[in-house]
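Peer 1: First the structure, then my questions, so here it is.
The values are calculated or read from the model by the stated rules, or taken from the named source; none is laboratory data. In this text the structure is predicted, and so the values were computed from the model without any measurement. Neighbour counts are summed over all protein chains in view; Cβ atoms, including those assigned to glycine, are modelled from backbone coordinates with ideal geometry. What goes into the accessible areas is simple: the full protein's heavy atoms, side chains included, and nothing from ligands, DNA or RNA. Shrake-Rupley method; radii C 1.70, N 1.55, O 1.52, S 1.80 Å.
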Amino acid sequence: MFSTAPWFRQPLKEAFRHISAAGFEAVEVMVTQDPHTQEPHLLAELAEEFGLAVEAIHAPFLLVTRGVWGSEPVGKIYRAVHLAEEVGASLVVVHPPYRWQMRYRRWIESSLAEFSARTGVTVAVENMFPVKLSAERGLTFHAGQDLDELESVPFLVLDTSHAAVAGHDVRQFYGRFRDKLQHVHLSQNAGRGWDSHLPVYQEGVLPLSGFLEDLAADAFAGAVSIELDLRPYLRDPEALHEVLVRNKDFCEASFTPPAPQRAPRRARARTRQA
């Protein structure tokens, strides 16, 4: 699937048009100021128009969407889950608490799993990264982002570019948290200490082919959502289309589950007539 995040300043219809034209069949919708990302009937109509399935909702946790659905994080989650229920999505992606959001942090640790089970929509927390203030120092705004601390989060979303900035090996991350991992935000990272979200086929520091092969070999039950920074391409429709298609082709080539093993055929027993 493809994330609508790169079009967060544009109408959702524009995102759906490009994603559908590139051959994708499913989307992760980031909730923005656009009513089509917030209202179930508008979102469902748009998805039907472009033949896309909405499989995940990204709740409005970005700084640019901090005023959408209020400022209280659990309230945002309730709204996002209702939207997901109405459009048939099984997952809501949220950001981890900031260090000063103690109430939200306690809710994740004590109530998130039960809430997900009760609603039937899994709420999963995305990994973040420290903000680099200089070459020697980084400031972590989000709580619970050390790998040991992530053990207390019931359900996780792995953003590969975020992992690169934080210095995590994505294949080791998957090996450690595979039982908690529900969803992947896939992109390449340039390895320069910032969250680049490059196309997956570009050169970078992440072993994406091997990572996707790990998921395929495990028959990963979650979804992989390509989430890119498309600003260099948004003004050039032909270049944008090419980038989307190349990302789709790369993932399909690497994320191919192994063929089921057939049981050996038994030779038919012959019986002699007396």
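Peer 1: Among Ser71, Ser116, Ser20, determine the one that fluctuates most according to a GNM of the chain built with springs between C-alpha atoms less than 10 Å apart.
Peer 2: Ser71
Peer 1: Compare Asp169, Asp148, Asp218 in a GNM of the chain, Cα atoms joined below 10 Å, and give the one with the largest fluctuation.
Peer 2: Asp148
Peer 1: Hey, any idea what % of the chain's accessible area is carbon plus sulfur with a 1.4 Å probe?
Peer 2: On the chain, the fraction of accessible area on carbon and sulfur atoms equals 49 percent.
Peer 1: Roughly how many nanometres apart are two label points built 7 Å out from the Cα toward the Cβ at Asp218 and Gln10?
Peer 2: In this crude label model, Asp218 to Gln10 measures out at 3.4 nm.
Peer 1: Between Val27, Val68, Val170, which gets the highest mean-square fluctuation from a Gaussian network model of the chain, Cα cutoff 10 Å?
Peer 2: So, out of Val27, Val68, Val170, the one fluctuating most is Val68.
Peer 1: Let me ask something else about it. So between Ser110 and Asp236, what do we pick up on full extension, going 0.36 nm a residue minus the alpha carbon distance?
Peer 2: 40.7 nm
Peer 1: Provide, for q = 0.08 Å⁻¹, the log10 of I(q)/I(0) from a solvent-free Debye sum over equal Cα point scatterers in the chain.
Peer 2: Reported log10 I(q)/I(0), two decimals: -0.34.
Peer 1: Give me the distance between the Cα centres of the range 68-114 and the range 150-185, rounded to whole Å.
Peer 2: Here the two parts' Cα centres lie 18 Å apart.
Peer 1: In Å², what does the accessible area per residue of the range 19-142 work out to with a 1.4 Å probe?
Peer 2: 48 Å²
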